[in-house]
Amino acid sequence: MPEPLSPPPMPALAIRAFTATTALGRGNAAQAAALRERRGGLRRNDFGPTPLPTWIGRVEGVEDAPLPSALSRWECRNNRLAWLALQQNGVLAALETLVAKHGADRIALVVGTSTSSIGASEEGYARAETDADGVHRFPDDLARPIVHTPHSLGDFLQHATGLRGPCITVATACSSSAKVFAQAARMIEAGLVDAALVGGVDTLCGSVLFGFNALGLVSSERCRPFDATRDGLSLGEAGGFAVLERASEGDSGLQLRGYGESSDAHHMSAPHPEGLGATLAMRGALDRAGIDAAEVGYLNLHGTSTPANDSVEARAVDALFPATLHAGSTKGWTGHTLGAAGIVESVFALLALETGLLPGILDSTVRDPACGPQIRFDNAEADIRFAMNNSFGFGGNNCSLVFGKVAA
Amino acid sequence: MSAPNPLSATIAGIGFWTDGLPDWDAARAFALDGTRPESAPARPSPQLLAPNERRRAPGSVAVALEVAMVACRDAGIAPETLPSVFASTHGDLGITDYMCDTLATDPTAISPTKFHNSVHNAAAGYWTIGAGCTEATTALSAYDATFAQGLLEALMQLATGSPAVLLVAYDTASAGLLGTVTRSKGLLGAALVLVRDGDGPRLHATLRDGAELDPPGPLATHAQRNAMAQMLPLFDALATGGSRAMLRAGPHRALSLEIAHAAPAQATHAQAEQAHG
């Protein structure tokens, strides 16, 4: 069955609110200030009883922010971070307006995560009890099935927001919360819903710290994306959201303009050596936006700081974009926030459109020879019309997004 | 209250595997008259993987790749041309148990392979790698509405430009300590190749309020303890020539499916029609 060579342009979606909470702080002002001042959020790993020697992007104060008692069924670190992030930057007010306008059934909830609340499952094993009959079991406070399944995040947010449209947790590793924009865009384009709350949350846990360490992908220093001497990533945690609505005639402001999704068809944990999937995703997003690569002013790269990812991504970007593009990785500020990277770095792209701040790369000094002129270590300022975000995940799962700005 | 959203697709191919019923013919025969195959393999053996990988593959990957390949063959569509949606309530519960147990005892002993197989999109990854498919793939969960939401996403892809899409749904058996809170037994998987137009049963879906489900049919009863039994109302209807099926689509929502069976051009469909009277 032949596919069209390139997808047709998609109808633009208005972004009514957006927010991120990371190791840089809660909400967009904290993100923008740290990006502008080149103040990173990484600290020496102090997570868990036996911390590996690495650096992490940990969100302050999650331990001291229990969920409201009405939502205690979903209590866990990941849903706490979801709740903290949800309170910022007028997301709830924007949802309230959309519910009044369209009805709660006409608003989808599509959120991404890599490990959801597996931290609660890990804790259940660590604190396992043996009852009078010698049966091993979870402690009572963790014997809640909903926090031991990937949809913990989506189910929590559905109850926390009262939205009644389709509710889905997307879990495609590190592309998860970029792909939520694509899935929501399809639902709005097809007329299934009129608006959507999208986003993603991932929190630090043993699985990812020890898992990435087992793969030899964790640096013992702060990560250095696109540096010739980089030796691995720094892990982080984050949450973020965007409120999308079908754009109306004459709408101004920020918009989702395109998405591209692809598979590498190559390897479970290593990128395609020629960046095939990355290129297909970026081209797809540009085609759906109906713009040329030269019109993009800022690209937030996946840029994990693993030896394999960055050189492949740099070459793919160099092949597709002119030298005028400003491309950078913000992983040095936040760490790699995995399933939340898609939303966090989409927020950074939206902030670039809104404020003109184009972040460079933190802590990197020696350019990898694969870097084309697009890869910028220093911050810059420019008024741009289009910004992109790349998010690539295990399994060779790729997603690129194009955001735009319409002047009032 | 908003108007219902009609959504349609044709089922061009079906794949199915569960304990005791290792393919769609066996499942259909069982649903129609209770016949069970004389012997059934203990686990699927997906031909897409090399023999050594086939033995090592987690149950979730083995069942997903088996039903996906069979559905593509049934549809006569090359797997590498299809975007895909992988729907699983819990992912691979055996691997989750391994990760949590190892972290509690000896965290630096985590196997790197088990770690990258622990991602929810592991089956989707192995599928695209094995099939040489660079099309988009996704992996999602919506708890007891996982299959309905996966089907909706597949229908959305058809509605917004894809001529065909592969939907794969599966769940595994829970294991270890996790099994005391997360209940799922056995291995169950099914796949549909859905096309915008073509020959085959025609699905027409409506999202509505309420969550009242029908009493379980033969397949839903056979595999009732697997978390993906939530998809079986559709497969019971497909097997027996039923004209409707109701799926849970969320805490307050249901996906109502009407099924128009194709004219009996194929013997299998004719049999199903007859059996249904």
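I need a count of the residues in the stretch B:1-35 that are of a type outside the set (A, V, I, L, M, F, W, C), touching a helix residue (DSSP H, G or I) at 6+ places or on another chain (Cβ under 6 Å) and at pLDDT 95 or above.
Within the stretch B:1-35, residues that are of a type outside the set (A, V, I, L, M, F, W, C), touching a helix residue (DSSP H, G or I) at 6+ places or on another chain (Cβ under 6 Å) and at pLDDT 95 or above number 4.
Scan the stretch A:102-126 for residues that are over 20 Å from A:Val62 (Cα atoms) and either in a loop (DSSP other than H, G, I, E, B) or polar (S, T, N, Q) (or both) and jot them down.
Scanning the stretch A:102-126 gives a single hit, A:Gly103.
Yes or no: B:Thr89 over 24 Å from A:Gly124 (Cβ atoms), at the interface with chain A (Cβ under 8 Å from one of its Cβ atoms) and among the hydroxyl-bearing types (Ser, Thr, Tyr)?
Judged against the criteria, B:Thr89 is not a match.
Of the residues A:Ala160, A:Ala196, which is more than 9 Å from chain B (Cβ to nearest Cβ), surrounded by fewer than 24 Cβ atoms within 10 Å (Cβ to Cβ), touching a residue at least 24 places away in the same chain (Cβ under 8 Å) and not in a loop (DSSP other than H, G, I, E, B)?
Matching residue, one of A:Ala160, A:Ala196: A:Ala160.
Anything in the stretch A:163-187 that is on the phi < 0 side of the Ramachandran plot, touching a strand residue (DSSP E or B) at 6+ places or on another chain (Cβ under 8 Å) and within 7 Å of chain B (Cβ to nearest Cβ)? List them, or say none.
A:Arg164, A:Pro166, A:Cys167, A:Ile168, A:Thr169, A:Val170, A:Ala171, A:Thr172, A:Lys179, A:Gln183, A:Met187, listed by residue number.
For the stretch A:30-70, enumerate the residues that are among the basic types (Lys, Arg), farther than 14 Å from A:Lys331 by Cα and without any contact (Cβ under 8 Å) to a residue 40 or more places away in the chain.
Within the stretch A:30-70, just A:Arg44 meets the criteria.
Any idea which of B:Ala136, B:Ala123, B:Ala154 is in contact with a strand residue (DSSP E or B) (Cβ under 7 Å, 6 or more places away or on another chain), crowded, with 24+ Cβ neighbours inside 10 Å and facing another protein chain (nearest Cβ under 8 Å)?
Answer to the check: B:Ala136.
With the stretch B:42-109 as the region, which helices (runs of 4 or more DSSP H) entirely inside it contain at least 3 residues that are buried (at least 23 other Cβ atoms within 10 Å of the Cβ)?
B:59-75, B:93-105
I'm told A:Gly165 meets every condition in (1) touching a residue at least 12 places away in the same chain (Cβ under 8 Å); (2) under 20 Å from the mean Cα position of the chain (by Cα) except one. Can you identify the failing condition by its number?
Going through (1) touching a residue at least 12 places away in the same chain (Cβ under 8 Å); (2) under 20 Å from the mean Cα position of the chain (by Cα) one by one, A:Gly165 breaks only (2).
Conditions tested, residue by residue: (1) surrounded by 21 or more Cβ atoms within 10 Å (Cβ to Cβ); (2) away from chain B (no Cβ under 11 Å); (3) under 19 Å from the mean Cα position of the chain (by Cα); (4) at pLDDT below 95.
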site: A:Ser263; (1), (2), (3), (4): yes, no, yes, no
site: A:Ala281; (1), (2), (3), (4): yes, no, yes, no
site: A:Leu286; (1), (2), (3), (4): yes, yes, no, no
site: A:Asp292; (1), (2), (3), (4): no, yes, no, no
site: A:Glu295; (1), (2), (3), (4): no, yes, no, no
site: A:Tyr298; (1), (2), (3), (4): yes, yes, yes, no
site: A:Leu301; (1), (2), (3), (4): yes, yes, yes, no
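Any chance you could count how many residues in the stretch B:92-107 are within 7 Å of another protein chain (Cβ to nearest Cβ) and either of a type in the set (Asp, Glu) or farther than 16 Å from A:Tyr125 by Cβ (or both)?
Within the stretch B:92-107, residues that are within 7 Å of another protein chain (Cβ to nearest Cβ) and either of a type in the set (Asp, Glu) or farther than 16 Å from A:Tyr125 by Cβ (or both) number 1.
Within the stretch B:210-247, which residues are loosely packed, with under 15 Cβ neighbours inside 10 Å, of a type in the set (S, T, N, Q) and under 24 Å from B:Asp92 (Cβ atoms)?
Correct list: B:Gln224 only.
Among the charged types (D, E, K, R) and more than 28 Å from A:Val347 (Cβ to Cβ): does that describe A:Asp155?
Judged against the criteria, A:Asp155 is not a match.
With the requirement that a residue be under 17 Å from A:Ser346 (Cα atoms), outside any loop (DSSP other than H, G, I, E, B) and among the β-branched types (Val, Ile, Thr), what does the stretch A:265-317 give you?
A:Val296
Can you spot a residue in the stretch A:152-160 that is over 30 Å from A:Phe210 (Cα atoms), at pLDDT 95 or above and touching a helix residue (DSSP H, G or I) at 6+ places or on another chain (Cβ under 9 Å)?
Among the residues of the stretch A:152-160, at least one is over 30 Å from A:Phe210 (Cα atoms), at pLDDT 95 or above and touching a helix residue (DSSP H, G or I) at 6+ places or on another chain (Cβ under 9 Å), which makes the answer yes.
Can B:Gly76 be described as facing chain A (nearest Cβ under 9 Å) and at pLDDT 95 or above?
No; evaluated as a whole, the condition is false for this residue.
Residues in the stretch A:90-121 that are under 28 Å from A:Leu235 (Cα atoms) and either hydroxyl-bearing (Ser, Thr, Tyr) or over 24 Å from the mean Cα position of the chain (by Cα) (or both): how many?
Looking only at that region, the number is 6.
Scanning for something without any contact (Cβ under 8 Å) to a residue 12 or more places away in the chain and over 18 Å from A:Cys167 (Cα atoms), does the stretch A:71-82 turn up at least one residue?
Yes, the conditions are met somewhere in the stretch A:71-82.
In the stretch A:211-229, what residues are away from chain B (no Cβ under 14 Å), assigned to a loop (DSSP other than H, G, I, E, B) and in contact with a helix residue (DSSP H, G or I) (Cβ under 9 Å, 6 or more places away or on another chain)?
Residues satisfying the conditions are A:Arg222, A:Cys223, A:Arg224, A:Pro225, A:Phe226.
Can you name every residue in the stretch B:27-54 that is in contact with a Ser or Thr (Cβ under 8 Å, 6 or more places away or on another chain) and among the small types (Gly, Ala, Ser)?
B:Ala27, B:Ala29, B:Ala31
Among the candidates A:Gly339, A:Gly332, A:Gly396, A:Gly356, single out the residue that is crowded, with 24+ Cβ neighbours inside 10 Å and on the phi > 0 side of the Ramachandran plot.
Just one listed residue meets the conditions, A:Gly396.
The values are calculated or read from the model by the stated rules, or taken from the named source; none is laboratory data. Quantities reported herein were computed from a predicted structural model and do not represent experimental measurements. Note that we place each Cβ from the backbone using ideal geometry, even for glycine, and neighbour counts take in every protein chain shown.
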